[in-house]
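The values are calculated or read from the model by the stated rules, or taken from the named source; none is laboratory data. These numbers come from a predicted model, not from an experiment. In this analysis, Cβ positions are derived from the backbone assuming ideal geometry, glycine residues included, and neighbour counts consider all displayed protein chains. With ligands, DNA and RNA removed, areas are computed over all heavy atoms of the protein, side chains included. Shrake-Rupley method; radii C 1.70, N 1.55, O 1.52, S 1.80 Å.
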Amino acid sequence: MCNQEKEDCTRPLVSVIVPIFNVENQIEICLDSLQRQTMKRIECILLDDGSTDRSGTIAKQYAERFPDRFSFYSHKNMGLSRTRNRGISLAKGNYIGFVDSDDYVEDATYERLYKRAVKEQAEVVYAPFYIEDALGNGSVVGKIKGKNIKEEMIEGGTVSFCNKLFQKELLIENGEIPDIWFEDFAYVIPLLTKCRKPAYVSTALYHYIKREDSIMGQRRNRRSLEMLKAWNLALENSLPQYRDSIRINILKRIPELTKHYFLYQKSFIDAAWQYASELEQESVRKLSGGLLVWIEREHELYAKGIASRVFVNGFGKGENEIQQKETECQTLFLDKTEIVVLNESTCEWAMRDADLCQWYHEKQYARLAKYCALQYMSRQGGVYIGDFVEVTGCFDYLRKYQGAWAMLDEETMSEEIFAAAPESTILKQALVQCRLSEKWGEQMADILMAKSDKEVRPGIKKSRENELCLSPEVTVFDIGTQENICVRVTENGYIKDGQKQLELREALRKINAEKWKQEILKLRKEKKELLDSTSWRVTKWLRKGAAFIKNI
């Protein structure tokens, strides 16, 4: 009996699950914050998910130094979700928290969350959190203002695992965390709908550090679209009476998501339009009218804009060369892409035109292909991809515009890539210029200069007639953006100097980022040493007294 009582008294009340993967420069800050936790009956489960740096070694050393606080496990890389699932199965506490190994928490985090859970007999305790950059600049997000905690958490709260304390039984009832990106939305939202008793702590306790190499930082990765899958899973697995609240949560995110994941904004707008159409009238009133109008307008622009049709030059090309270009262009758009190869067969009409026939015999194949593409595009719309353009990103976001043009530099328009919706007046003028001059890009720039209400240069999105998109993200050379979705290459296959400049600037940026990262780590270590020093603790009351006198 005595042994059983002793076992109960030493069993942890809270288990904190810490998945670890390649964070050797940040993990000590995280583990130090967990070691300083004021709650005594707490275990921290460190799970090394196949790290290839020193992260696992550092975590194991902490477990050896502080065996009463940390336990260490390692396994082959299996991803964040499966690692968290393993942590849940190992947890001994009645309540479970989650910490990402490149973040950190306030010293009293789990004592405060647990006390609130016990006081209110809550299954989930929610708190806002700090979101910071690597320099420590940031703000508090996720605050709840109303009295209906559950509804507010679902409609507008943050869905992260890390700013919450969960009753273990509720996690087990909710099943395993799905193995997808943005698994927090897919899992936490349904769990919140099933939570019978939530609680709220108004003080931010968790510090989330934004990093460029995080999932949220991978803006160009097509796995970002798994967010759509996460939304659908959340709706499917939640209690029906809360589905409108979930749709409201999603719709509020859309404007920011379309900026952050701009390459895939069409997919987010399409999903938003669907969710908005499914809302009950009472739920519609909870959203700002401006948001719904904006979603409807964006959806309409995409419906009327550039089609997912690609024209490529097949004149004078071998079968293998054409097939390679077709394969490359299949990834241009997310939905089915129609590839039109411009050659003697598809452009038979051009062979009956004396001027065009002369171009063909003179082997001016690129010029002929551009003219034929413009003819087709003036009726059908689409995108022309030249011989020396290599696609590096998704073109979906361009589809809401009436026209898209690339720039070689701040003044010169490219002839190698252009796009338009059907019946574009600019395309009709481009046809004339293309026929008159081999260097029609320069003449086109003059035409657009006259039509636009602003100087034509990268960054101007549309003309007064809504005809033109000069998007810096489409540039084939580096002219001030890192979001190029294509590059121009030479006949020998070497990327020209614009891309080299881009690569050089990226290398310099990484060097500077690493320099500042090391400086920050040094300052944080010095701060920790100061806070732990005897002189700082001894003078605590003097500082408080001085602050009190100053306020008086």
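List of remarks:
- Of the helices (runs of 4 or more DSSP H) lying entirely inside segment 142-231, the ones with 1 or more residues being of a type in the set (Val, Ile, Thr) and surrounded by fewer than 19 Cβ atoms within 10 Å (Cβ to Cβ) are found at 168-173.
Here's the yes/no breakdown for (1) assigned to a strand (DSSP E or B); (2) touching a strand residue (DSSP E or B) at 6+ places or on another chain (Cβ under 7 Å):
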site	(1), (2)
326	no, yes
334	no, no
341	yes, yes
346	no, yes
349	no, no
357	no, no
367	no, no
371	no, no
374	no, no
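- Within segment 376-394, the residues that satisfy the criterion of being closer than 30 Å to residue 222 by Cα and modelled with pLDDT under 85 are 388, 389, 390, 391, 392, 393.
- Of all residues making up segment 360-375, the number that are of a type in the set (Phe, Trp, Tyr) and at pLDDT 90 or above: 2
- Some residue of segment 288-309 being polar (S, T, N, Q), on the phi < 0 side of the Ramachandran plot and over 28 Å from the mean Cα position of the chain (by Cα): no
- When we screen 508, 542, 502 for residues that are at pLDDT 75 or above and farther than 18 Å from residue 25 by Cα, the only hit is 542.
- Of 73, 110, 62, all but one fail to be aromatic (Phe, Trp, Tyr) and open to solvent by less than 10 Å² (accessible area, probe 1.4 Å); the exception is 110.
- Test result for residue 277, at pLDDT 90 or above, open to solvent by 70 Å² or more (accessible area, probe 1.4 Å), outside any strand (DSSP E or B) and not acidic (Asp, Glu): yes
- Qualifying residue in segment 367-382 (condition: surrounded by fewer than 19 Cβ atoms within 10 Å (Cβ to Cβ), under 19 Å from residue 418 (Cβ atoms) and among the charged types (D, E, K, R)): yes
- Of the residues making up segment 388-397, one or more are open to solvent by 50 Å² or more (accessible area, probe 1.4 Å), assigned to a loop (DSSP other than H, G, I, E, B) and touching a residue at least 40 places away in the same chain (Cβ under 8 Å).
- Residue-level analysis places residue 120 among those that are in contact (Cβ under 8 Å) with a residue 60 or more places away in the chain and open to solvent by 50 Å² or more (accessible area, probe 1.4 Å).
- Residues (open to solvent by 20 Å² or more (accessible area, probe 1.4 Å) and either of a type in the set (D, E, K, R) or touching a His at 6+ places or on another chain (Cβ under 6 Å) (or both)) located in segment 43-59: 43, 53, 54
- Test: residue in segment 7-15 that is buried (at least 21 other Cβ atoms within 10 Å of the Cβ) and within 27 Å of the chain's Cα centre (by Cα): no
- Condition check for residue 126: more than 24 Å from residue 11 (Cβ to Cβ), in contact (Cβ under 8 Å) with a residue 12 or more places away in the chain and in contact with a strand residue (DSSP E or B) (Cβ under 9 Å, 6 or more places away or on another chain): yes
- The residue that is surrounded by the most Cβ atoms within 10 Å (Cβ to Cβ), among those in segment 76-101 that are charged (D, E, K, R) and out of contact with any Asp or Glu (no Cβ under 8 Å at 6 or more places or on another chain), is 84.
- Looking only at residues of segment 329-353 that are among the hydroxyl-bearing types (Ser, Thr, Tyr) and farther than 18 Å from residue 389 by Cα, we find that the one that is least open to solvent (accessible area, probe 1.4 Å) is 346.
- Against the numbered list (1) closer than 30 Å to residue 399 by Cβ; (2) basic (Lys, Arg); (3) within 15 Å of the chain's Cα centre (by Cα), residue 243 comes up short only at (3).
For (1) at pLDDT 95 or above; (2) part of a helix (DSSP H, G or I), each residue gets a yes or a no:
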site	(1), (2)
34	yes, yes
40	no, no
45	yes, no
60	yes, yes
64	yes, yes
74	yes, no
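- Of all residues making up segment 259-274, the number that are in a helix (DSSP H, G or I) and open to solvent by less than 10 Å² (accessible area, probe 1.4 Å): 5
- Of all the listed residues (130, 126), the sole one being farther than 21 Å from residue 228 by Cβ, out of contact with any Leu (no Cβ under 8 Å at 6 or more places or on another chain) and open to solvent by less than 10 Å² (accessible area, probe 1.4 Å) is 126.
- The set of residues from segment 280-321 being touching a residue at least 12 places away in the same chain (Cβ under 8 Å), open to solvent by 30 Å² or more (accessible area, probe 1.4 Å), of a type outside the set (D, E, K, R) and part of a loop (DSSP other than H, G, I, E, B) comprises just one member, 316.
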